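The values are calculated or read from the model by the stated rules, or taken from the named source; none is laboratory data. Computed from a predicted model, the values in this text were never measured in an experiment. Neighbour counts run over all protein chains shown; Cβ positions are idealised from the backbone, glycine included.
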Amino acid sequence: MELSRRLQQLPPYHFAAYARKIAEKRAEGVDVISLSMGDPDLPTPPEVLDALDAAARQPINQRYPEYAGMAALREATAAWFARRFGVELDPAREILPVIGSKEGLAHLPLAVMDEGDVALMPNPQYPVYPTAVALAGGACYDLPLDATAGWLPDLDAIPTDVAARAKTLWLNYPNNPTGACAPHAFFERAVRFAHDHDVLLVHDMAYAEVTFEGARPPSILEIPDARAVAVEFHSLSKAYNMAGFRVGMLVGNATIVEGMTRLKSNIDTGIFRPLQIAAARALELPQSWLDARNAIYQRRRDALVAACRALGMQVEVPQAGLYLWPRIPAGQASTDFALNLLERTGVAVTPGTNFGSGGEGYVRISLTVPDAQLDEAVARMSSVIGAGRA
Ligand code: PLP
């Protein structure tokens, strides 16, 4: 049996390949500490689990869910958006629950891009974006992200003929993998660019609520007129330690929300209602819950930053997100560095190139392991990197 040409061209998902490598090591008896995926280890809030449990016992909730998502979740999202960003959304026309933001991001190009259309694509980037564009028959034009420019793309450097063919511009702040946040002024510039070139802005805000020192990253929809040209993805996964629930939301431009509802109703049948009810409950949690949870990540961030620096690696202190993005010692390929580290210490970090060629020279280290394991990982890394042997 032959797979489709479309699938044959698709690279294997880096994280799946890397997870296999980690599984092999574990099968060999190695005690692997994985700082590779951003998979929150902290528990889902008990209020959310209670809501899930009660809802699951209601026979009505065991039936097919509605295609456009439950009104209760769309309304809870609108109330959260107004509280968090000061932006009013119409729950009926501007919000669509998705099966985790990954699913929504992966399907979006099918709703908005035709064969040969151009996607303006940051590099490095969350790998789902270029894959989704390729599956829809689109082509990516790289926008390099650079530390010296705050990991923001230079929209003025995009040639006019490329801008004319562009259909989508992908942005992600707080950024994975770099941890950068975008200032309001950058979003103003991006919205102007989108208006000028008739481009849809696709902003991924999966890390909106994992922030440090009280940072409050803005939504792109705070910019006046943004909803004419922009959609934004949100996710419960990292925000409320609910990665396994698979609940996210697409918000913004009503035409795109309607198009995605039409597309998805032909592909899937929504999210188990109890998960939507639990997600709506999570969105009502007070800021104090987020602050307490973020304080745990902040302690881990500080411990890892100190360790990386002690080992001679350059690293910025991120204001948000679940990762550090240190530079690896000069002259090494990031894949070699990560594989070598795994081999010698049993510590798994993600090679920067998993996020595109722009990630060369970096690795991504996740904060989502308990403190004791994190300390152990640091100790093991010190034993080889400190001696310049990783
Ligand atoms: N966007 C970014 C930047 C991510 O890093 C991730 C997951 O790691 C996602 C989206 C997908 O999150 P989910 O599908 O769990 O909502």
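Summary table
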| item | result |
| --- | --- |
| Segment 232-259 residues that are outside any helix (DSSP H, G or I), paired with ones that are basic (Lys, Arg) and more than 9 Å from the ligand (Cβ to nearest atom) (beta carbon under 9 Å, 6 or more apart) | Tyr240/Arg293; Asn241/Arg293; Met249/Arg74; Val251/Arg227; Gly252/Arg227; Asn253/Arg227 |
| Enumeration of residues in segment 92-115 that are free of Cβ contacts under 8 Å to residues at least 60 places away in the same chain and away from the ligand (no atom under 12 Å from the Cβ) | Ala92, Pro109, Met113, Asp114, Glu115 |
| Residue match in segment 335-350 (condition: over 25 Å from Tyr13 (Cβ atoms), surrounded by fewer than 21 Cβ atoms within 10 Å (Cβ to Cβ) and of a type in the set (A, V, I, L, M)) | no |
| Boolean, Val347 is hydrophobic (A, V, I, L, M, F, W, C), within 23 Å of the chain's Cα centre (by Cα) and closer than 30 Å to Glu28 by Cα | yes |
| Count of segment 285-310 residues which are surrounded by fewer than 14 Cβ atoms within 10 Å (Cβ to Cβ), aliphatic (A, V, I, L, M) and at pLDDT below 95 | 2 |
| Qualifying positions in segment 119-150 - among the β-branched types (Val, Ile, Thr) and surrounded by fewer than 21 Cβ atoms within 10 Å (Cβ to Cβ) | Val128, Thr131, Thr148 |
| Residue identified as touching a strand residue (DSSP E or B) at 6+ places or on another chain (Cβ under 6 Å) and under 24 Å from Asn354 (Cα atoms) among Val199, Val133 | Val133 |
| Some residue of segment 28-35 being acidic (Asp, Glu) and within 19 Å of the chain's Cα centre (by Cα) | no |
| Criterion (away from the ligand (no atom under 16 Å from the Cβ) and either assigned to a helix (DSSP H, G or I) or touching a Pro at 6+ places or on another chain (Cβ under 9 Å) (or both)) met by exactly one of Thr168, Thr77, Thr148, Thr131 | Thr148 |
| Residues located in segment 141-167, provided they are in contact (Cβ under 8 Å) with a residue 60 or more places away in the chain and within 16 Å of Tyr129 (Cβ to Cβ) | Asp142, Pro144, Leu145 |
| Pairs where the first residue, in segment 202-220, is outside any loop (DSSP other than H, G, I, E, B) and the second is more than 11 Å from the ligand (Cβ to nearest atom) and not aliphatic (A, V, I, L, M), C-beta under 7 Å, 6+ apart | Val202/Thr168; His203/Glu232; Thr211/Pro217; Thr211/Asn294; Thr211/Gln319; Ile220/Phe187; Ile220/Glu232 |
| The lone exception for Gln314 - which of (1) more than 20 Å from the chain's Cα centre (by Cα); (2) in contact (Cβ under 8 Å) with a residue 40 or more places away in the chain; (3) in a loop (DSSP other than H, G, I, E, B); (4) outside the structural domain of Gly69 (by TED's automatic domain parsing) it fails | (2) |
| Failed condition for Leu89, given (1) within 16 Å of the ligand (Cβ to nearest atom); (2) not in a helix (DSSP H, G or I) | (1) |
| Scope segment 311-334; condition farther than 21 Å from Gly356 by Cβ and crowded, with 21+ Cβ neighbours inside 10 Å; matching residues | none |
| Counted residues, segment 55-83 - those being among the basic types (Lys, Arg), surrounded by fewer than 18 Cβ atoms within 10 Å (Cβ to Cβ) and within 19 Å of Val251 (Cα to Cα) | 1 |
| Residue within segment 155-173 that is surrounded by 22 or more Cβ atoms within 10 Å (Cβ to Cβ), touching an Asp or Glu at 6+ places or on another chain (Cβ under 7 Å), within 15 Å of Phe355 (Cα to Cα) and not hydrophobic (A, V, I, L, M, F, W, C) present | yes |
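Residues checked against (1) modelled with pLDDT of 95 or more; (2) hydroxyl-bearing (Ser, Thr, Tyr); (3) within 13 Å of the ligand (Cβ to nearest atom); (4) in a helix (DSSP H, G or I):
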site	(1), (2), (3), (4)
Leu143	yes, no, no, no
Ala163	yes, no, no, yes
Pro174	yes, no, yes, no
Gly179	yes, no, yes, no
Phe186	yes, no, no, yes
